[in-house]
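Since the structure comes first, as structure tokens, the remarks are kept for the end.
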Amino acid sequence: MTKLNISDDWWTAPSEDSDGNTVLVTGRRALDNVINTGRYKYRIEMTWLYSPDSSGMPDYPTSRKMEQVTDALHATLKRDPVAVMTGIYTGAGERNWVFYAVTLKAFQSALNSALSDIPEQLPLSFHAEEDPTWEEYREMCQNEIAREE
């Protein structure tokens, strides 16, 4: 079986939440081949609430720990693509990572593996639902600022 080629091309753009707070949106481009498999039906949002600075962003130590989490998840899911990280939202006191997964159990196993080297307990909460048409991903992509060629 041919290994699925998953894009690692990302973009970042500022957006606003419903209260007018700045939120940085980072999205992954070119995932049509993943969507078209029909296998990644579950959208999972992983949230980390933090005490924001005056601009709504995390302090430096918190942002470094968040990047450690992101890097660990990237590495794990690159080896075993049971889920695909599609977006990261940061601002207004929270960071949200968005994934599309084959199964919730497979995602949980990959998450536990990815975070096994982080000794402290992280303030993470989760929400999952079926989203076989990738509605949230398509909505997020509308935030991308067109690249100048």
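We did not get these values from a lab; they are worked out from the coordinates using the rules stated. This one's a predicted model, so the numbers in the text were calculated from it and none came from an experiment. No Cβ is skipped: glycine too gets one built from the backbone with ideal geometry, and neighbour counts run over all protein chains shown.
Between the range 1-70 and the range 85-128, how many Å separate their Cα centres?
10
For the range 19-141, what are Rg and Dmax over the alpha carbons, in angstrom?
Rg then Dmax for the range 19-141, in Å: 14.4, 43.
What is the local net charge at Ile44, summed over the other residues whose Cβ is closer than 10 Å to its Cβ (Lys, Arg +1; Asp, Glu -1)?
With Lys, Arg at +1 and Asp, Glu at -1, the neighbours total -2.
What list of ³J(HN,Hα) values in whole Hz, one per residue of the range 31-47 in order, does the Karplus curve 6.51 cos²θ - 1.76 cosθ + 1.60 (θ = phi - 60°) give from phi, with Gly and Pro shown as x?
10, 4, 5, 6, 4, 5, 5, x, 8, 8, 9, 9, 8, 10, 10, 10, 10
What does the charge count around Asn112 come to, taking other residues whose C-beta lies under 13 Å from its C-beta (Lys +1, Arg +1, Asp -1, Glu -1)?
-1
Can you give the local net charge around Val102? Use residues other than it whose beta-carbon is closer than 9 angstrom to its beta-carbon, Lys and Arg +1, Asp and Glu -1.
Here the charged neighbours net out to +2.
Would you calculate a helix-derived [θ] at 222 nm for the chain, using -39,500 (n - 2.57) for each DSSP H run of n ≥ 4 and dividing by the full residue count, to the nearest 500?
-8500 deg cm²/dmol
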